[in-house]
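First the structure, in the form of structure tokens, and then the observations on it.
The values are calculated or read from the model by the stated rules, or taken from the named source; none is laboratory data. What you are looking at is a predicted structure, and each value in this text was computed from that prediction instead of being measured. Here the Cβ is made from the backbone with ideal geometry for all residues, glycine too, and neighbour counts use every protein chain on show.
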Amino acid sequence: MIHYEGVLIAAAAILIIGMFHPIVIKTEYYFGKEAWPVFMILGVLCTAASLFTDNQAVGAATAITGAAFLWSIRELFEQEERVKKGWWPENPAKNRCIRKRVKESADKVK
């Protein structure tokens, strides 16, 4: 009997990892690296959920998604560096919001 689960899991891994490339870019563009806690929570939830699935392929895909969320935390920080180097476009609206938050925080300290 032929088992297709391995091939399905490999295909899911390629698709999931491929989806996270634009997710990281868009997240950094609109929210910056400050979004990393969301990735941490989703990564832990997906990884934990994979432990409770009966289907091996679904469990593997859920675990891969969790790992992709967790790996994307590092990628968010690296994406910020790529933007600083000029390799990716910078979102001017995001910078205004960040500068405003920094100014407000500095005003509170005074």
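Structure notes:
- Of the criteria (1) surrounded by 15 or more Cβ atoms within 10 Å (Cβ to Cβ); (2) closer than 25 Å to Asn91 by Cα; (3) at pLDDT below 95, which one Phe69 fails: (3)
- Members of the stretch 25-35 found to be hydrophobic (A, V, I, L, M, F, W, C) and crowded, with 17+ Cβ neighbours inside 10 Å, listed by number: Ile25
- When residues in the stretch 28-56 are screened for being in contact with a Gly (Cβ under 9 Å, 6 or more places away or on another chain) and of a type in the set (Gly, Ala, Ser), 4 of them pass.
- Annotation for the stretch 46-57: at least one member residue is modelled with pLDDT of 95 or more, surrounded by 10 or more Cβ atoms within 10 Å (Cβ to Cβ) and not hydrophobic (A, V, I, L, M, F, W, C).
- Filter pass, Glu75 being of a type in the set (D, E, K, R), crowded, with 16+ Cβ neighbours inside 10 Å and either under 13 Å from the mean Cα position of the chain (by Cα) or over 24 Å from Ala10 (Cβ atoms) (or both): yes
- Candidates Val38, Val44, filtered to the one that is within 30 Å of Pro92 (Cα to Cα), hydrophobic (A, V, I, L, M, F, W, C), in a helix (DSSP H, G or I) and out of contact with any helix residue (DSSP H, G or I) (no Cβ under 6 Å at 6 or more places or on another chain): Val38
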